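What follows is one structure encoded as structure tokens, with my remarks underneath.
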Amino acid sequence: MAATLPPPRLLPSGDSAVTVEFSRTIDDAANERVLALDKALAASPIDGITETVPTYRSLLVHYDPGKIGFDALGEKLLALASQPLPPATKARRWRIPVAYGGEHGIDLEDVAKALNTTPDDIVARHVAGDYRVAMIGFTPGWSYLSGLDKSLHMSRRQSPRLFTPAGTISIGGIQAGIQCLAAPSGWHLLGRTPVRTYQLHRNPTFLTEPGDRVTFFAIDHKTFEEQDRAAEAGEIIAEQVVA
């Protein structure tokens, strides 16, 4: 599948960064190439690169122009990007609890109405999904997930909210997401998880990483409150599945 994608494009991003773009649309095959290039740069650093930022379809590479120029860096990046993908490794897998609907998922009923079904059916479809963390961004720990069932694809809200609570589990467009911190959002809120995908003074600070697999399971609101207190104290809460 990845072999059918066109060669990546190099896009100048200011005077000290370059974007290596693998696709113009959200695509798992392109995302695999993004993450492969990011790992290749971590394994074989190029002198002058200061930071890399992987996204769904591109890798942003920050560099020191006093150490390496755009043309020389671009040549090295394209050479690395053209290498075959490494053999697939077994991804980490997380099971994440979610309290759906009610005060924790205020859009669940509206989503069900929009899709001509019931809230229970929306929950069933959502928990049946096998998701992949494509990128982390927007706010710390915000996990963008591919793999949303096509029957749950829907446009984002016409009027974004200025505030949505920490732990929100939402859908928007063709994506699903885990929102760690309170933030604005134009996505549809299905529920909340007590899991902190980011917690500053915990080890590890970030729980999920690009390439991880995620599934969800439903919990009641009392269990949410109990697990939320435990998570606040530093417990991981999410279940890591060992194959």
TODO: Considering only region 172-243, give the strands (runs of 3 or more DSSP E) lying wholly within it that have at least 2 residues that are open to solvent by 50 Å² or more (accessible area, probe 1.4 Å).
DONE: 213-218, 239-241
TODO: Out of the residues in region 11-21 that are of a type in the set (Gly, Ala, Ser) and touching a residue at least 40 places away in the same chain (Cβ under 8 Å), state the one that is surrounded by the most Cβ atoms within 10 Å (Cβ to Cβ).
DONE: 17
Task: Residue that is most open to solvent (accessible area, probe 1.4 Å), among those in region 22-69 that are of a type outside the set (A, V, I, L, M) and in a helix (DSSP H, G or I) - done: 39
- [ ] Considering only residues that are at positive phi and small (Gly, Ala, Ser), look in region 138-155 and name the one that is most open to solvent (accessible area, probe 1.4 Å).
- [x] 147
Open item on the list: Given the criteria closer than 26 Å to residue 240 by Cβ and more than 15 Å from the chain's Cα centre (by Cα), does residue 184 qualify?
Closed with: no
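The values are calculated or read from the model by the stated rules, or taken from the named source; none is laboratory data. It should be emphasised that the depicted structure is a prediction, and the values quoted were computed from it without experimental measurement. Neighbour counts run over all protein chains shown; Cβ positions are idealised from the backbone, glycine included. These accessible areas exclude ligands, DNA and RNA; they are computed on the full protein's heavy atoms, side chains included. Shrake-Rupley method; radii C 1.70, N 1.55, O 1.52, S 1.80 Å.
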